[in-house]
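The values are calculated or read from the model by the stated rules, or taken from the named source; none is laboratory data. None of these values were measured; they are calculated from a predicted model. Counting neighbours? That spans all protein chains shown, and the Cβs are built from the backbone with ideal geometry, glycine included. Ligands, DNA and RNA are stripped out before the accessible areas are found, and what is left, the full protein with its side chains, is counted by its heavy atoms. Shrake-Rupley method; radii C 1.70, N 1.55, O 1.52, S 1.80 Å.
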Amino acid sequence: MIERIAKFNELTPSTLPFVEGRLEGHRERKNYSIVGPGVAEDSEQSVKISKAHGYNLGAVSANPKNGSGLHSHTTAEVFLIYSGKWRFYWGVDGKNEIILGKGDIISMPTNMFRGFENAGDEEGLIFVVLGNDDPGIITWIPKVLISAKETGLALLDDNSLIDLKKNEIPSGKKLLEPINNDQLQKFDNYSLNEIEKFICRFDNQSKFQNNLDNGIKLIQIIGNQFCNQSYDPLIDQNTGFNLSILKSKNGQIKDLIFTKPTIMFSQKGLWKIKIENDFFEINSKDTFSAPLNTKLSISVENIEDCYLNCVSKV
C-alpha cells in the first residue's frame with residue numbers, strides 16, 4: 001500500500017514549474033504533482049503517484065503577492081484552498097477578481113484565462129484537481145510569454161520549457177509564438193455573477209450535509225456520485241470527476257467499495273484507513289489512492305470537525 005500514499009512532507013516540489021517562474025509575482029512559489037504530472041512545464045517535476053486515475057491532483061504554495069499568471073487549458077481546474085487568502089482573477093485582461101479563503105472551493109470553466117495570487121500575509125497553500133489523465137498544454141496570454149523571454153525562459157513549439165541563458169534551441173525546434181489577437185478573442189470571459197455558480201464557500205457547505213454511517217457526513221461538491229450512491233452537487237458542472245467531502249469529529253464508515261479510481265486527501269484531521277489486514281493513517285495534506293473493488297473502512301477521532309476530500313473518476 002505504500003505506493004498509494006503521498007505524505008505531503010515527503011513531496012519534492014518544483015520551484016520553477018512554468019515559463020513565468022522568474023517574473024515578479026511568480027518567483028516565490030512551489031508546485032507539487034501528487035497524482036499525475038498535471039500541467040507543469042518543468043520536465044524534472046517530481047510526480048508522487050504516477051498511475052493514471054482519469055484526473056490529476058496537484059498543489060501550489062506561494063508567498064504573499066505570488067502565484068500564477070493568466071493561463072488557460074482545455075480541461076477542468078478545481079481549486080481547494082487549504083490555507084491563506086487567495087485572489088483569483090480571470091479574463092484576457094485579468095480585471096475580474098474575487099478573494100477566497102480557507103476551505104473555499106472554486107471550479108474554473110475551460111476556455112478562459114485565469115490566474116491566482118496569494119492575497120494573505122503569509123505563505124498559503126491550495127490543492128488543484130485537473131480533469132483527464134492528460135490535462136493538455138497551457139495557453140498563456142501573450143504578455144506572459146513576451147515578459148518571460150526577457151528573463152531567459154521560453155517555451156519550444158512542443159511546449160517544453162527552455163532556459164535560453166543555459167541552452168541553445170535544439171535542432172528541428174523553434175520557440176513557441178504567442179497567440180495572436182484573433183486567437184485571444186476566442187476565449188470566454190465571465191462576469192463575477194456568472195463565476196459565483198462555480199464557487200462553494202466553506203461557510204455554506206454545512207447547509208448541504210448528507211448523513212452517512214456512524215457520525216460521518218458527506219458534502220457533495222461536484223458530480224453526483226460517491227461510492228456508487230447519488231447526491232445533488234453544490235456546483236453543477238461537468239468536470240469528468242466527482243468531488244465529495246467527508247466531515248466528522250468522531251465517526252467511522254465501513255465497507256466502502258470504490259469501482260472507479262478514487263483518491264482521498266485530508267483537509268483537516270488524522271484519518272485512519274483500514275483495508276483487510278492493512279491499517280494506516282493520512283494526516284492533514286496527505287493523499288491516499290484507494291485500491292479498486294476492495295472493502296475499506298475510514299474513521300477519525302477529534303474534538304473538532306475534520307474534513308477528508310474525495311475525488312473519483314466519473
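Results, tabulated for the structure shown:
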| read-out | value |
| --- | --- |
| Across Lys7/Lys268; Lys30/Lys166; Lys48/Lys217; Lys272/Lys313; Lys85/Lys268, pairs whose alpha-carbon gap is larger than 19 Å | Lys30/Lys166; Lys48/Lys217; Lys272/Lys313 |
| Probe 1.4 Å, protein heavy atoms only - accessible area per residue of the chain in square angstrom | 47 |
| About the Cα centre, charge dipole magnitude for the chain (Lys/Arg +1, Asp/Glu -1 at Cβ), debye | 420 |
| Loop-exposed GluC sites (Glu not before Pro) per DSSP, neighbour cap 11 Cβ within 10 angstrom, longest uninterrupted part of the chain | 169-275 |
| FRET E, pair Asn159, Asn250, Förster distance 45 Å, beta-carbon r, rounded to 0.05 | 0.40 |
| Charge dipole (segment 175-223, unit charges on Cβ, about Cα centre) - positive-most of Gln209, Ile222, Gln185 | Gln209 |
| Carbon and sulfur %, accessible surface of the chain computed with the full protein complex present, 1.4 Å | 44 |
| Cα-derived Rg over Rh, computed across segment 46-200 with Rh taken as Kirkwood radius | 0.97 |
| Three-way shape call for segment 52-110 based on the alpha-carbon gyration tensor, with the a/c threshold at 1.5 | oblate |
| Unit charges at the beta carbon, dipole of the chain: most positive-side option, Thr75, Val19, Leu164 | Thr75 |
| Theoretical FRET efficiency, 1/(1+(r/R0)^6), r = Cβ-Cβ of Ser206 and Lys166, R0 45 Å, to 0.05 | 0.30 |
| Environment charge of Asn63, counting only residues whose C-beta is closer than 11 Å and scoring Lys/Arg +1, Asp/Glu -1 | -1 |
| Helical contribution to [θ] at 222 nm, DSSP H n ≥ 4, -39,500 (n - 2.57), averaged over the chain, rounded to 500 | -1500 deg cm²/dmol |
| Overall form of segment 1-59 per C-alpha gyration tensor (a/c, 1.5; a/b vs b/c) | prolate |
| Residue-span extension gain [Gln237 to Lys173] - 0.36 nm each, minus C-alpha spacing | 19.2 nm |
| Three-way shape call for segment 140-180 based on the alpha-carbon gyration tensor, with the a/c threshold at 1.5 | oblate |
| Correct choice for volume of the Cα convex hull per residue in Å³ that was computed from the model, options [x] 147; [y] 192; [z] 132 | [z] |
| Segment 129-163-segment 8-73 distance, computed between alpha-carbon centres (Å) | 13 |
